[in-house]
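Below you'll find the structure, written out as structure tokens, and then a few comments.
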């Protein structure tokens, strides 16, 4: 399970759609209070975290996650519009495993998620990278299928994914 804390509805929906299309289970949250309730109920495998949020900023959330023994080693990728060198260094120095600036490529984000999960738990990442729809396809072919699915409407993308399985 991947948790995404992002207050922008359109970005949250796009990322959740992209994760789902790549075989990941994910839940999105617009508010930190929703995220903390979910954290109490279920521990994710990875967190995608925005910095500029209502209620509480992402760096504060990152510090709290790193301070708790149960989440000290939880993989966290910052996904934010704050993209200066200073912002990246602050995020990484506060404990983020990676930092992705908006606007971002879904293909690169998925690759970075897989890389962070590989480092966190090699056996777990191997399972995720061998999703049934990708069997027998090169990474370049999977990327082309994913790119075309993301550029289409949801109705057309569903047909496109069905055709890609052939």
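The values are calculated or read from the model by the stated rules, or taken from the named source; none is laboratory data. These numbers come from a predicted model, not from an experiment. In this analysis, Cβ positions are derived from the backbone assuming ideal geometry, glycine residues included, and neighbour counts consider all displayed protein chains.
The figures follow:
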{"read-out": "Residue ID - surrounded by the most Cβ atoms within 10 Å (Cβ to Cβ), chosen from residues in the stretch 46-55 that are within 16 Å of the chain's Cα centre (by Cα) and more than 15 Å from residue 74 (Cβ to Cβ)", "value": "50"}
{"read-out": "Scope the stretch 56-83; condition over 19 Å from residue 119 (Cα atoms), out of contact with any strand residue (DSSP E or B) (no Cβ under 8 Å at 6 or more places or on another chain) and surrounded by 14 or more Cβ atoms within 10 Å (Cβ to Cβ); matching residues", "value": "56, 57, 59, 60, 64"}
{"read-out": "Selection count, the stretch 5-24, where residues are in contact with a strand residue (DSSP E or B) (Cβ under 6 Å, 6 or more places away or on another chain) and part of a helix (DSSP H, G or I)", "value": "4"}
{"read-out": "Meets criteria (at pLDDT 95 or above, at negative phi and in a loop (DSSP other than H, G, I, E, B)) for residue 74", "value": "yes"}
{"read-out": "Options 35, 29, 24: the member that is over 20 Å from residue 70 (Cβ atoms) and surrounded by 15 or more Cβ atoms within 10 Å (Cβ to Cβ)", "value": "24"}
{"read-out": "Flag for residue 43 being within 17 Å of residue 120 (Cβ to Cβ), surrounded by fewer than 16 Cβ atoms within 10 Å (Cβ to Cβ) and at pLDDT 95 or above", "value": "yes"}
{"read-out": "Residues of the stretch 25-37 that turn out to be outside any strand (DSSP E or B) and within 18 Å of residue 113 (Cβ to Cβ), as a count", "value": "2"}
{"read-out": "Test set (1) at pLDDT 50 or above; (2) under 24 Å from residue 30 (Cβ atoms) - residue 93 fails condition number", "value": "(2)"}
